[in-house]
Structures are given as C-alpha cells and as structure tokens.
Amino acid sequence: METEITTRGRADANRQYVLATVRERGVRFIRLWFVDVLGMLKSFAVPVTELESAFDEGVSLDGSALEGFARLAERDVNAHPDASTFQVLPWRPGAAVARMMCDIRLPDGQPFAGDSRHALRRTLCQAAELGLTLAVGTEIEFFLFADEDDLSRPPQPLDRGAYFDLTPLDDGSDFRRATIEYLEQMGIPVKASHHEVAPSQHEIRLAHTDALAMADAVTTFRLAVKEVAREQGVYATFMPKPLEHESGSGMHVHLSLFEGERNVFFDPQGQAPLSGTGQAFLAGVLAHAPELSAVTNQWVNSYKRLADGFEAPGRVDWTRTGAAGLVRIPSARPERPSAARIELRSPDSAANPYLCFALVLAAGLRGIERGYQLGAETVGDLTAPTAPRLPEDLREAVNVFQDSELVRDTLGDRLVEWYVRNKRAEWDDYRRTVTAFEWRRYLRSL
C-alpha cells in the first residue's frame, strides 16, 4: 500500500509539473507517442486545452494501429500520457510542441495486450518482485546517405571515413554534435559518439539508465537522428545492412542487474568475470537467444548483417575478448562494481527496444530462477565451432519464436500472434521478390 501511495504521489507531481511547464513555455500542442508491435513510432497531437482531459480519461484511438503492417479489425483503446516522459521537442522551437509517451489501455482501464511498452513494464515488475532492477546502456549505429529518391541503386555514402576517424573524411562530426544537442535537451544523456567502421556510418552511445527509460530513449533517438538528417539535407537509416560489402548497423545492449544500489553481476572475490547470479543470468540469455532472434533481429535484412562476417554474431557463445561473440563481458574496469555487465551484440538498431529488453530480461531471470549453468568461454576471435547457431533467416527465427514458452509467458499470446503475422507477411513478400542478385546470377546464364 505504501508503494502504491508513493507511486500515485509521484504521478500527481509529474502531472502538475507538466501543466506548469506548458503554461510557462507557451506550449500549444502535445504530441502523444506510442509504438506498434514492431516498435514503429506512432503519434497524434492534441491542443493543450485537452491536456487535463487526456490525463484524466486518456485519448481514444483505434487499437489496430498497434498491429503493425498486418491490421485486421478496429479496436477501441485509450492512450494515457505518461507525464514523466514530458519533453519539449527541440526541433520544433517555433511551434512550441511537446511530447509524452503513452500507455495504451482498454476502455475499462486494463492494459491493452498489444502494447509493447506495457510488455516491458510488466517484465520489469516481475523483476521488482525479486528486488531487482535492470540498467541498460546502448551503442546505436546508423548510416547517413545522400538524399535521393532512386531506390533502384545502392545508397550513396557521404564520406569514406573509417573507425574513429576525425579528419575531413568524416563528414558526420557536425551531424553527431547537432543530434547530441537535441538528445541532451530532451534529457537523454550521451556517453560518446564517433565514426564507425563503414563509410558514412556512425555510432552514438546512450548512458545507462533503467530499461523503460532506455526503450523510450532509443525510440526518441531514432526520430532525433532523422530530424537532424532532414535539416541537413541528407537521410539517415537504421536499416541493419544497407551496403553489401560493408558492416551493418547493430545496437549493442549493455545490461546490469541491481539489488538496490548493489550490482549483482559484480564478483567481489574477483575470481570470475561475473558473480554466480550474473553467470546464471548470462546462461539464461544464451540458452534462449535463438528464441529471441525474431525480436532482436526482426527484419529480413537483419540476417544479412548477421551473415556478413563483420564482427556480427552467428553463434551462441560468450567471450571477454572476441569481437564476434554473441555476448561479450567487458573487463576494462574489473575493480569497479558498477562496471560489471554483459554486452549483447546481436540486436540491430531497427529492433523494437521494448520487446527486446523485455525478452532479454525474462531470459536472464529464468536463468537465475532455474539455476542455468554457464558454458565455457570462447577464447580469441574464433567463434566456437560447436556452439549452437542463431537462426539464419527471418523464417527460421519466427518459427522458433512462435514455439517459445518463454516468449509467450513474457509477451502474451495476442502480442505474439500479431508479431508473427507481421513477420510471416514480410517473409512472404520477400520470397516473392526477384532481386538484383538473381538478375546478375541468372538472367544471361540461364
């Protein structure tokens, strides 16, 4: 009861802050944001005159908008703004527009089963019942290309820069600075940014925070990057593998589990890279990794990145030094308890962060609860040849995902069914498409 009262008091304080800030800063419109089952950002605007009503009753919308690209029937739901996510949009300075993330609920107030944000919140509550919270940091990669409409040829990079370049070869320095300024104005702290391995590829690292805030931050980050690109006359893409002979774009996810202020992944004896609890968590992530691939790598194109050999993982293994391991345990500061973490390297930057974090946490918790044992480390840069492989394409990944008990326990049958329907439709479109590869290989020789 005390926790419920505290939560209600915090929500009321956040609401009063929003109402006061709207008046002080002359905000005229509020954009209400939510994501569909694929993590695609959706939005509608309400004038500030409707703000108190939105807080009290929510704003009605058609819930089929959350079904992704495979909508079937209209559903009445309400979007309830989360006042703790209120921020003025820095790329709309003249219009005084703000945004809030929304929770989607049924007319009776119950959570909507197709709401990705609620799926993560529910999993975090299960961890909280064990006294645990999940901290997440992300390294998000993306490409910048010349803005052109001809999609019949490969995109054109803006530079020939490489890893960590800071020379005239890197035309993205000003771009990254502008993006970071927008993010910091919206309360999203950035740890670092740099040019990545491929031409015109960039990475920005977001500082660790709780998992729900990070999922919101990743969603905001992707829009901020695209807004800056639009302002600079280029376009940004989070497509996992846009260039055939270059690295793809990943979203490396750094995970730590806390009990109060104590990082439970830290081994105080210093005898192992992780504590016993951390090892069991990691064993759970590895054991269920193939089942999670349809979410961590949710697009047909995602599997081109995993197959390309540019340090993207193809098998289920862990390492402290190998660049292509599915999970790496960073060891730069072994004496610092707060630095103990695991780095999951399979997700790409076009994943739905809410479902991704929910399933990774659920897999890790299952490892702890059932006492999973961590297998041997892969030493060096070679992937263990006996390690189980990840799914090799979207069809295989969806089959494993659909049959997973863990996935259904975590996300619920309705959300799983919507997700699978989207992915099966995408695969069917892909297998019917005649590609440039087939023209090159077969057109004249057959």
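The values are calculated or read from the model by the stated rules, or taken from the named source; none is laboratory data. Because the structure is predicted, anything quoted here is derived from the model rather than measured. Glycine gets a Cβ as well: all are built from the backbone with ideal geometry, and neighbour counts include every protein chain shown.
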Quiz item: Does MET239 fit the bill of being part of a loop (DSSP other than H, G, I, E, B) and at pLDDT 95 or above?
Solution: yes
Quiz item: Across region 86-109, what is the total count of residues that are touching a residue at least 12 places away in the same chain (Cβ under 8 Å) and surrounded by fewer than 20 Cβ atoms within 10 Å (Cβ to Cβ)?
Solution: 11
Practice problem: Evaluate region 289-299: report whether one residue or more is free of Cβ contacts under 8 Å to residues at least 60 places away in the same chain and surrounded by fewer than 24 Cβ atoms within 10 Å (Cβ to Cβ). | Solution: no
Exercise. Take region 73-125 and flag every residue that is in a loop (DSSP other than H, G, I, E, B) and of a type in the set (Asp, Glu).
Key: GLU74, ASP82, ASP108, ASP115
Quiz prompt | Residues located in region 127-154, provided they are at pLDDT 85 or above, surrounded by fewer than 18 Cβ atoms within 10 Å (Cβ to Cβ) and farther than 30 Å from ARG370 by Cβ | solution = ALA146
Quiz prompt | Selection status of GLU291, assigned by TED's automatic domain parsing to the domain that holds MET251 and assigned to a strand (DSSP E or B) | solution = no
Quiz item: Given the residues GLU184, GLU227, GLU244, which is the only one that is more than 16 Å from the chain's Cα centre (by Cα), among the charged types (D, E, K, R), farther than 23 Å from SER331 by Cα and in a loop (DSSP other than H, G, I, E, B)?
Solution: GLU244
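Quick grid of which residues meet (1) touching a residue at least 12 places away in the same chain (Cβ under 8 Å); (2) in the same structural domain as PRO240 (by TED's automatic domain parsing); (3) within 30 Å of LEU394 (Cβ to Cβ):
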site: ARG315; (1), (2), (3): yes, yes, yes
site: VAL327; (1), (2), (3): yes, yes, yes
site: ARG333; (1), (2), (3): no, yes, no
site: SER338; (1), (2), (3): yes, yes, no
site: LEU344; (1), (2), (3): yes, yes, yes
site: ASP348; (1), (2), (3): yes, yes, yes
site: TYR354; (1), (2), (3): yes, yes, yes
site: ALA358; (1), (2), (3): yes, yes, yes
site: GLN373; (1), (2), (3): yes, yes, no
Practice problem: Specify the residue that is surrounded by the most Cβ atoms within 10 Å (Cβ to Cβ); the eligible residues are those in region 193-242 that are hydroxyl-bearing (Ser, Thr, Tyr) and out of contact with any helix residue (DSSP H, G or I) (no Cβ under 8 Å at 6 or more places or on another chain). | Solution: SER200
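Condition check ((1) surrounded by 19 or more Cβ atoms within 10 Å (Cβ to Cβ); (2) under 22 Å from VAL295 (Cβ atoms); (3) at pLDDT 95 or above) across all residues:
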site: GLU244; (1), (2), (3): no, no, no
site: PRO273; (1), (2), (3): yes, no, no
site: GLY278; (1), (2), (3): yes, no, yes
site: ALA283; (1), (2), (3): yes, yes, yes
